[in-house]
Amino acid sequence: MDLMRDPVTLSTGVTYDRDSIEKWFESGNQTCPVTNLFLNSFEVIPNHAIRRMIQDWCVEHKNYGIERIPTPRIPVAPYQVSETFEKIIAATRAGDDNKCQELVGKIKTWGKESERNKRCIVENGAGAVLADAFGSFSSNSIEKNAAVLAEILGVLPWISPIGEEGKSKLGSEASLRCMVWFLNGTDLSAKQNAALLLKEMPVNALAKIEGVAEALAKMISDPIGLSPTKASLRTIFRLVSSSADKERIRQRFVELGLVPLLLEALVDADRGVCEKALGVLDCLCDSLEAKKLAKANALTMPVIVKKILRVSELASEFAVSLLWKLCEKNDEGVLLEAVQVGAFQKLLVLLQVGCGEGTKEKATELLKLLHGYKSKAECVDSSLDLKYLKKPY
């Protein structure tokens with residue numbers, strides 16, 4: 001019983017709201033819902049007469065709080081998208097950055113108009129075409145082609161799936177180097193888009209790009225928004241956990257001061273940032289230098305213990321793993337501090353609530369270690385108030 005916002009007519013003569021009938025077709029139906037007749041064509045024709053009647057009715061009843069529905073834009077057709085992509089391919093081959101920028105701008109405008117347009121653009125091979133254009137212009141002077149590259153970068157993050165061909169082209173050395181260049185730049189929109197795109201790139205190829213660690217660390221020290229921060233943390237986690245050169249990369253991130261940055265970010269972070277930051281810290285603490293820095297930081301124990309059972313199961317797993325790495329048998333100072341901030345109680349509750357097998361083993365080992373220090377330490381409430389701590393942003 002809702003008002004139609006964009007009435008369209010099928011070949012059977014029956015009028016429906018565009019969004020509703022498109023969802024009907026996308027569900028696999030091939031008939032007209034009212035007549036149940038099989039449709040040879042799914043093309044729809046805008047019913048301007050009905051739409052004007054609805055708009056007139058809205059205006060007449062505005063005193064009852066009825067808002068006039070806006071005149072809808074005509075959705076982009078697949079042939080329009082295909083023709084534009086052919087022109088982008090031609091402009092790319094000719095090295096015409098201005099023409100390519102203009103055409104990509106048109107694609108960007110269509111995508112902003114509706115989700116339907118986005119689906120149409122993606123389904124017609126946007127990933128491969130734009131990835132090829134990005135790689136081609138990246139191979140030349142990045143500074144000279146910065147405008148067209150930034151325009152393409154503004155479209156690529158919402159194209160999902162990009163496809164294997166697109167990912168392969170974006171994973172080239174030239175493309176990755178270009179994304180890192182934008183990550184180091186001053187254009188906030190381009191920085192955000194580069195961060196969102198990098199998290200999907202091949203991790204081993206990315207690890208070889210000069211300056212990638214410095215650029216990602218800066219995204220954490222000088223955040224520009226929640227989404228790019230989460231994306232950057234995810235990229236860092238992939239680099240330090242699964243790249244072929246992870247030991248060298250871990251060491252570089254430690255040298256860049258990532259350990260204290262992550263601890264500060266954890267103080268009042270949301271769930272997504274907490275999980276990713278704890279995961280990165282857990283990987284970094286496989287390094288002796290990172291463990292030393294973490295133990296020396298006053299935030300480490302209170303923050304890590306506080307996150308157990310307070311964020312998510314994944315965050316608790318990372319936090320317990322971190323504690324297990326930091327609480328070494330002969331390090332009495334660290335063990336005393338862990339007991340003082342309530343680690344013993346938290347671990348007991350965690351075992352009662354239930355957790356993964358690996359986490360259970362680590363929690364059990366930690367309880368055995370901490371038990372001997374219960375009488376030596378003055379325990380405090382585990383739900384410490386950390387509002388007095390300096391916020392990272």
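The values are calculated or read from the model by the stated rules, or taken from the named source; none is laboratory data. Note that the structure is predicted; figures quoted are calculated from it, not measured. Cβ coordinates were reconstructed from backbone atoms using ideal geometry, including for glycine residues, and neighbour counts include every protein chain displayed. Heavy atoms of the whole protein, side chains included, go into the accessibility calculation; ligands, DNA and RNA do not. Shrake-Rupley method; radii C 1.70, N 1.55, O 1.52, S 1.80 Å.
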In this structure, is SER114 open to solvent by 20 Å² or more (accessible area, probe 1.4 Å), closer than 18 Å to ALA77 by Cα and at pLDDT below 95? yes
Could you please tell me which pairs satisfy a Cβ distance under 6 Å, a separation of 6+ or placement on different chains, a first residue in region 180-197 that is polar (S, T, N, Q), and a second residue that is assigned to a helix (DSSP H, G or I) and crowded, with 20+ Cβ neighbours inside 10 Å? ASN184/ALA215; GLN192/PRO228; ASN193/LEU153
Just for region 239-267: of the residues that are acidic (Asp, Glu) and either in a loop (DSSP other than H, G, I, E, B) or under 18 Å from LEU206 (Cα atoms) (or both), which one is least open to solvent (accessible area, probe 1.4 Å)? ASP245
Would you kindly identify the helices (runs of 4 or more DSSP H) lying entirely within region 137-223 that contain at least 2 residues that are at pLDDT 90 or above and within 18 Å of ILE107 (Cα to Cα)? 146-153, 188-198
Cross-chain or 6+ apart pairs with Cβ under 8 Å, region 341-364 first and at positive phi, then hydroxyl-bearing (Ser, Thr, Tyr) and open to solvent by 20 Å² or more (accessible area, probe 1.4 Å): GLY342/SER382; GLY342/SER383
Is it true that PRO228 is touching a residue at least 60 places away in the same chain (Cβ under 8 Å) and open to solvent by less than 60 Å² (accessible area, probe 1.4 Å)? no
Residue list for region 72-94, filter: within 14 Å of TRP110 (Cα to Cα) and among the basic types (Lys, Arg): ARG73
